[in-house]
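Novice: This is the structure I want to talk about, given as structure tokens.
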Amino acid sequence: MSLLSVIIPSYNEEANIERTAETIGRVLSEAQIEYELLFVSDGSKDKTYELVCDLAQKDARVKGLQFSRNFGKEATIFAGMEYIKGDCCAVIDCDLQHPPETLVEMYHLWEEGYDVIEGIKSNRGKEGIIHKMFVGIFYGIMSSLMKMDMNATSDFKLMDKKVVDVLLSLPEKNTFFRALTFWTGFKSTTVTFDVQERVAGKSKWSFMSLVKYAISNTTSFTTAPLQFVTFMGVLMIIFSVVLGVQTLVRYFMGTAVEGFTTVILLLLVIGGCIMISLGIIGHYLSRIYEEVKGRPKYIVRDKTENL
Ligand code: UDP
Ligand code: MG
């Protein structure tokens, strides 16, 4: 029988660990699916990892990893993929916002021969208006670049082992898991699910961390902003040719106006564009710098004995 490995990113989730392990375990057992649960503690400062260790002693199917510090959810997923033993692998949040029942549905689709089963949100749960707007813009850009509706996608997925192997073989350090499974191009399908309310604890995302996440993911996936710089340059040249011709004509006709205001405005606009462009280029440079350094995505401090 095949084994399903479930990777559960957990950062300061002491209030959820036991309930999550119990719920997922029960749902999968009832569906007669053989499983292992791998809690990847993202440098949690509370009792998250200790609780996982306790559970692991009672039940060999529960396993755990502890990072040396917080490396982010993306890192926990990739670390998890390195350690799993299953024939397929799912990623699910620790706060039970992703319904474990959907895992069963995903597993059956995998048995039918799909390699990637994407969890698609049928709603986004409770979120503020500004948050929704921001998320909308980010995913709008991503969707048009990926040619896939990213707005509803989530990290809740089930993948075949061969997809995991491909993802692990990617040399880049800066990854965007949500889009990469789609990018691999394996036979995929979707399952919709309702985002549940967080059972306990708080969401780890602040508005600023979401902004950083959005910028870093867009630039790790596409060079479109760099092309945008070129596009702005071309626009600027067309504009300056038109303005140049107009100015010359007026000069020779003797009707040239005092152009101080125009000059100041042009300087400001062009200066602004140049700075934005430099910023964009600088951002890519810093990304290249980070990749070139080749530091690991995460550092594992400890793991349970059964792993
Ligand atoms: N998480 C993580 N590292 C982090 C932040 C979050 O491993 O730096 C985990 C967290 O424990 C949870 C999942 O990622 O299992 C989703 O996080 P959260 O519920 O805070 O995000 P939201 O559901 O609000 O998008
Ligand atoms: Mg959550």
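Novice: Taking the simple approach of a point 7 Å from Cα along Cα-to-Cβ for both Ile299 and Glu34, what is their distance in nm?
Specialist: It works out to 3.7 nm between the two label points.
Novice: Also, I was wondering about something else. Where in segment 18-42 does the amide nitrogen come within less than 19 Å of the point 7 Å from the Cα of Asn306, taken along Cα to Cβ?
Specialist: Within reach of a label on Asn306, which here means backbone N under 19 Å from a point 7 Å along Cα→Cβ, segment 18-42 contributes 18-41.
Novice: Over 32 Å between Cα atoms: which of Lys47/Lys162; Lys161/Lys204; Lys132/Lys162 fall into that group?
Specialist: Lys47/Lys162; Lys132/Lys162
Novice: Pull up the DSSP beta bridges for the chain and report the antiparallel fraction as a percent, rounded to 5. Provide the component values of the computation, followed by the final result.
Specialist: Numbers: 11 of 34 bridges.
Percentage antiparallel, nearest 5: 30.
Novice: Please provide three numbers in whole Å: the alpha-carbon extents of the chain along the principal axes, with the largest listed first.
Specialist: Reported extents, whole Å, longest axis first: 92, 39, 37.
Novice: I would also like to ask the following. List the chymotrypsin sites (Phe, Trp or Tyr not before Pro) within segment 111-211 that DSSP assigns to loop and that have no more than 13 neighbouring Cβ atoms inside 10 Å. Walk me through the intermediate numbers first.
Specialist: On the way: sites: Tyr114, Phe134, Phe138, Tyr139, Phe156, Phe176, Phe177, Phe182, Trp183, Phe186, Phe193, Trp205, Phe207; in loops: Tyr114, Phe176, Phe186, Trp205.
Those satisfying the criteria are Trp205.
Novice: Give me the net charge of Val191's neighbourhood, meaning all other residues with Cβ under 13 Å from the Cβ of Val191; Lys, Arg count +1, Asp, Glu -1.
Specialist: Working: positive: Lys121, Lys157; negative: Glu101, Glu105, Glu112, Glu118, Asp194.
Cβ neighbours under 13 Å give a net charge of -3.
Novice: Would you work out which of Val104, Thr189, Leu243 lies farthest towards the positive end of the dipole of the chain, given +1 charges on the beta-carbon of Lys and Arg and -1 on that of Asp and Glu, about the Cα centre?
Specialist: Final value for the positive-end residue is Leu243.
Novice: Sort out for me the Cα centre separation of segment 264-307 from segment 92-108, rounded to whole Å.
Specialist: One Cα centre to the other: 33 Å.
Novice: Given N residues in segment 187-307, what is Rg(Cα) / (2.2 N^0.38 Å)?
Specialist: On the way: Rg = 25.3 Å, N = 121, 2.2 N^0.38 = 13.6 Å.
The value comes to 1.86.
Novice: Would you be so kind as to identify which of Phe78, Ala90, His131 lies farthest towards the positive end of the dipole of the chain, taking Lys and Arg as +1 and Asp and Glu as -1 on Cβ and the Cα centre as origin?
Specialist: Toward the positive end, the furthest listed residue is His131.
Novice: Cut-off under 15 Å on the C-alpha distance; same-chain residues fewer than 8 positions from Lys121 excluded. Which aspartates and glutamates are left, in chain and number order?
Specialist: Asp93, Glu101, Glu105, Asp149, Asp155, Asp194, Glu197
Novice: Among Cys94, Cys53, Cys273, which one shows the highest mean-square fluctuation when the chain is modelled as a Gaussian network with alpha-carbon springs under 10 Å?
Specialist: Ranking Cys94, Cys53, Cys273 by mean-square fluctuation puts Cys273 first.
Novice: Another question about this same structure. With an 8 Å Cα cut-off and a minimum separation of 6 or more residues, compute the relative contact order for the chain in percent. Display every interim value, and only then the final one.
Specialist: Numbers: 439 pairs, mean separation 69.2, N = 307.
Result for the chain is 23 percent.
Novice: Give Lys63/Lys293; Lys157/Lys212; Lys73/Lys147 a once-over and call out the pairs whose C-alpha atoms are over 28 Å from each other. Each step should come with its number before you reach the end.
Specialist: Numbers: Lys63/Lys293 31 Å; Lys157/Lys212 23 Å; Lys73/Lys147 25 Å.
With Cα atoms farther than 28 Å apart: Lys63/Lys293.
Novice: How big is the gap, in Å, between the Cα center of segment 1-73 and the Cα center of segment 207-240?
Specialist: Between the Cα centre of segment 1-73 and that of segment 207-240, the gap is 39 Å.
Novice: On full extension of the chain, what length is gained from Ser144 through Ser203, given 0.36 nm per residue of separation minus the C-alpha to C-alpha distance?
Specialist: On the way: separation 59, 0.36 × 59 = 21.24 nm, distance 2.81 nm.
Between Ser144 and Ser203, full extension yields 18.4 nm more.
Novice: Please work out the FRET efficiency for the pair Thr222 and His131, using the Cβ-Cβ distance as r and a Förster radius of 25 Å; give the result to the nearest 0.05.
Specialist: Working: r = 23 Å, r/R0 = 0.93.
With R0 = 25 Å, the Cβ-Cβ based efficiency is 0.60.
Novice: Related question: What is the extension gain from Lys162 to Asp46, computed as 0.36 nm multiplied by their sequence separation minus the C-alpha to C-alpha distance, in nm to one decimal?
Specialist: On the way: separation 116, 0.36 × 116 = 41.76 nm, distance 3.48 nm.
This chain segment gains 38.3 nm when fully extended.
Novice: Here's something else I'd like to know. Using the Kirkwood radius built from alpha carbon pairs, what does the Stokes-Einstein equation give as D for segment 1-160 at 37 °C and 0.692 mPa s, in µm² per second? Please report the intermediate quantities before stating the final value.
Specialist: Details: Rh = 16.5 Å.
The diffusion coefficient I find is 199 µm²/s.
Novice: Could you list the GluC sites (Glu not before Pro) in segment 214-307 that lie in coil according to DSSP, counting only those with at most 10 other Cβ atoms within 10 Å of their Cβ?
Specialist: Working: sites: Glu258, Glu290, Glu291, Glu305; in loops: Glu258, Glu305.
Loop-located and lightly packed - Glu258, Glu305.
Novice: Can you give the relative contact order of segment 1-92 as a percent, counting alpha carbon pairs under 8 Å and 6+ residues apart? Kindly include the intermediate steps, with their values, before the conclusion.
Specialist: Values: 172 pairs, mean separation 39.1, N = 92.
42 percent.
Novice: Which value in deg cm²/dmol, rounded to the nearest 500, describes the helix-derived mean residue ellipticity at 222 nm for the chain, given -39,500 (n - 2.57) per DSSP H run of n ≥ 4 and division by the residue count?
Specialist: Numbers: 10 runs with 161 residues, N = 307.
Roughly -17500 deg cm²/dmol at 222 nm, from the helical runs in the chain.
No value in this document is a laboratory result; all are computed from the given coordinates. Fair warning: this is a prediction, and the values are worked out from it, not measured in the lab. So basically every Cβ, Gly included, is an ideal-geometry build from the backbone, and we count neighbours across all protein chains shown.
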